[in-house]
Amino acid sequence: MDKVFKGEHLFPGHLGQFFVVLSFGGALLSTISYFYATTNKNPGDTSWHRMGRAGFFINTASLLGVAACLFYVIYNHYFEYHYAWAYTSRNLPVYYIVSGFWNGQEGGFLLWTFWQAVLGNILIWKAKSWEKPVMTVIAFSQIWLATMMLGVNVFGSRIGSSPFLLLRDAIQAPIFSRPDYLSYIKDGQGMNPLLQNYWMVIHPPTLFLGLASVIVPFAYAIAGLWQKRYTEWIKPAIPYALFGCMILGTGVIMGSLWAYESLNFGGFWAWDPIENASIFPWLILVGALHVLIVYKNTGHSYFTATFLVLLSFLMVLYQSFLARSGVLGETSVHSFTDEGMFWQLVSFILVFLAISAYLLITRMKELPISKKDEDTYSREFWMFVGSIFLGLSCLHLVLVTSIPVWNNIFNTKVAPPIDLVGHYNIIQASFAMVITLLTGFSQFLKYKKTDTTKFFITTLVYLVGAILITVPVVYFTGLYKLHFVFLLVMLGSIYSLLVNGKVLADALKGKFKLAGSAVAHIGFAFILVGALIAAGTRGLVSVNQNGIGIAGFNKSAAEQRIAGDEHENIMIYKNQPVKMGGYTVTYLGDSTVEPNHYYKVDYKTFDASGKLTDEFILKPHVQLGEQMGLVSSPDTKHYLTHDLYTHVTALPQPKQPTTGDSQTAADHGAENDNKNYEAPISHEIAVGDTIRFREGYMVLKGLKKETAIQNIPIVNGDIAIGAQLDVFSNNKTYQAEPVYMIRGKSAFDFARKVEDVGLKLRLTKIMPDKNKVEITVYQTPENKKPWIVMRALDFPYINFLWSGTLIMIIGFLISIFRRNKELKTV
């Protein structure tokens, strides 16, 4: 008889696992049925077609059931489930609980297969004559994704990982032998602090929608080869390729925004292997899109278009392998650990690679091949060249990023380039330079044949104009200090802006069909301009020029999490203004909103006459954990032309908090506390008198009789007097009321602290004959005051990057509407 465990909620897990299995069964039924519907020679027999649709609807409904059960488990904090325990905790707000939904492997696969199901249902509605073969491919992909969530053992091997795996089955520990083990599990492990950002609520769904959308043009290409409808699939595939490029590109940029706002390496792109892998399919799909358009307009480059479309989905599978197999576990901060699905992920790639290769090879002799080469001065030729360069850019990223894979396969120990970031920057900038130039001058070319004289004159005029603009831009931004290739990228980007701006102006005069590509190219050029200036000329604001090492600066944390060294970080004592670049900076204090600890930093700027011109407060925050140590997230002040980026890089060791009143005359703890202060100074003052201290002054406003003392009741015969003090420091006012108490023949006093100013105040004597009291003042030593170490960077013109993304999205949308309109007129 199975042991009964107290407090477990097994029903949602059993129901969810039932839906996981049902989703697999629905996808299997749909694949088989759509396959036979496609190969059925009897046009009057629609039974297989109806079963194919029914199977896919079952798959879709089951996925909704899986999602509902998983969210129910997470939202209700059922920590008997490994997924809820591993990725959430009770103190997470609801929106982070939602992002915890796709925080783990299983949730990621669920999100991916859900979006494929949504796209499949759209295709059932819209694909018409293409529905059967296209849906065969998509349903087949759904089978593989469903296996990733099955979590069942077959002949001793586990297939997939279930999101409803119980904690006691996932972890072997003595506690799980107890029927009441749940009484010892009060909370989950929580979410990685770096993922607790609003961008992580919207970035993964967007990215996974982009990854899922790549299968649609892939399915059309497979269907075209399978059905020998070699040219017909191009037109319906183009809008989906546009959509995939738009959404996938948006998801990647959202990831950059998350990195910029949440991570503390001081930038928006770090060439992390998983970051690289996310753009593999985007680069290939953008190249495929351009060659698809070439073939549609000229009949050239069919094989290249088909090959790139097929390769784009294989890149989706490969990037998933890199992220989820654990092969990059030692080289990427984003990689999942190996959960036993290495070969399952490999087989996913190999099966679709085999299908693609088989159809290409067996249909090779029948593929439409142009008998006439493209003219060198034709648009299609240079669009083809641009697509090849996009492919080469991807190939370089794949080769270098995959070094751990090659080492794993061939048992080698090849090391990546020593300066990996510099290597990527130079090589990829070279590709970007070529691509920006091509997005420019190819707009002056026509399909099939161009007037070469007019082309060269026009190109030269715009190139000279771009040079005249680039020179001052490079000089005034400081880009001239960088490698020469970055200057060429800036030239290419400005050239692309000018040319595509001209095309857009023409489009607004009546050639509106050209608007989409022009706007998308303008957006891409703005992205490169913003990235070049912001990353290449970012300025260090927090320059430590005193040559003195920072006490308490955590070197190991710096090596792991902070770009720069102690000379790029400034120690700021609480309420002690410091000059930093063009700012006067003051650390005002800290506060906690679980799980984050916020540090309030005031920035002021003054003109030459000393008049305040600007003031704002930034609140960078940290989380302190046993596993990750100090996890710092920046706060940023956004201006139109630049961003000021601030994050905390080191902190003093946290002190144990004290609560309640202190009986300072006799309490041993208070005596120990006195050691944290300078030697006390006593002042005899009357009401209205002032006491000055290092950072301000205080005024005795009055004496309050029968004052209350926390946790100590006042009984008959007790005398309790409070000294009402107003403390003024750094343009702020604080109140404190130290208390003097007489009980019987004994006298006690209760200190009050003003933490923000570093004071402890005691009312130590009452002198009725002088009508005065004695106030004893303790001050925190300069070297023991609360402090933070912070780093501040200035990112000039980074808004070009973010606005370029929005412009590029608009360009893709215009192109999607145009291509859909063309389909309706066919």
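Tabulated data for the structure shown
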quantity	calculated
In Å², nearest 10: area of Thr805 left accessible to a 1.4 Å probe	10 Å²
Point-charge dipole on Cβ atoms (K/R +1, D/E -1) for the chain, about Cα centre, debye to 20	2600 debye
Computed label-point distance, nm, for sites Leu460 and Ala505 using a 7 Å Cα→Cβ extension	2.1 nm
Taking the chain and dividing mean pair separation by its residue count, relative contact order in percent (alpha carbons under 8 Å, at least six apart)	10 percent
Table column - 3J(HN,Hα) (Hz), segment 770-775, Karplus curve with 6.51, -1.76, 1.60, x for Gly and Pro	9, 6, 9, 10, 9, 10
Extension gain (nm, one decimal) between Ala608 and Lys126, 0.36 nm per residue minus Cα-Cα	166.9 nm
Computed accessible area, Glu131, all protein chains, 1.4 angstrom probe, square angstrom	10 Å²
Packing-based order for 379-387, 743-751, 208-216, 416-424, using average beta carbon neighbours within 10 Å, highest first	208-216, 379-387, 743-751, 416-424
Residues with amide H under 5 Å from that of Leu165, placed H, sequence gap 5 or more	His82, Tyr83
Cβ crowding within 10 Å averaged over residues, with 594-604, 72-82 ranked highest first	72-82, 594-604
Carbon/sulfur fraction of accessible area - the chain, other protein chains in place, 1.4 Å, %	61 percent
Partners for Lys6 among lysines (Cα-Cα distance below 25 Å; same-chain residues under 8 apart left out)	Lys186
Extension reserve of the Ile361-Phe342 stretch, reckoned as 0.36 nm per residue once the Cα distance is removed	4.0 nm
Qualifying trypsin sites (Lys or Arg not before Pro) in segment 421-498, DSSP loop, other Cβ atoms within 10 Å at most 12	Lys449
Distance violations [Cα-Cα > 23 Å] among Lys446/Lys509; Lys574/Lys760; Lys365/Lys448; Lys235/Lys448; Lys732/Lys765	Lys365/Lys448; Lys732/Lys765
Under 15 Å, Cβ to Cβ, from Gln428 - net charge with Lys/Arg +1 and Asp/Glu -1	-3
Where segment 97-248 is the region considered: accessible area per residue in Å², 1.4 Å probe	34 Å²
³J(HN,Hα) computed for each position of segment 755-768 - Karplus, 6.51 cos²θ - 1.76 cosθ + 1.60, integer Hz, glycine/proline x	4, 5, 10, x, 10, 10, 10, 10, 8, 9, 7, 10, 10, x
The chain: DSSP helices with Cα axial extent of at least 20 Å and average Kyte-Doolittle hydropathy no lower than 1.6	342-362, 452-477, 484-508, 515-536
Calculated from backbone phi, Karplus (6.51, -1.76, 1.60) coupling profile of segment 179-196 in Hz, x at Gly/Pro	x, 9, 4, 5, 5, 9, 10, 7, 7, x, 5, x, 9, 3, x, 5, 8, 8
Potential lengthening between Thr592 and Tyr230 on full extension [0.36 nm per residue; Cα-Cα distance subtracted]	124.1 nm
Interchain or long-range residues, amide H under 5 Å from Tyr797's placed H	His642, Asp643
Links that overshoot a 22 Å alpha carbon limit, given the list Lys41/Lys228; Lys481/Lys637; Lys701/Lys772; Lys705/Lys785; Lys705/Lys753	Lys481/Lys637; Lys705/Lys785
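The values are calculated or read from the model by the stated rules, or taken from the named source; none is laboratory data. This one's a predicted model, so the numbers in the text were calculated from it and none came from an experiment. Heads up, the Cβs are rebuilt from the backbone with ideal geometry, glycines too, and the neighbour counts pull from every protein chain shown. The accessibility values were calculated without ligands, DNA or RNA, using every heavy atom of the protein model including side chains. Shrake-Rupley method; radii C 1.70, N 1.55, O 1.52, S 1.80 Å.
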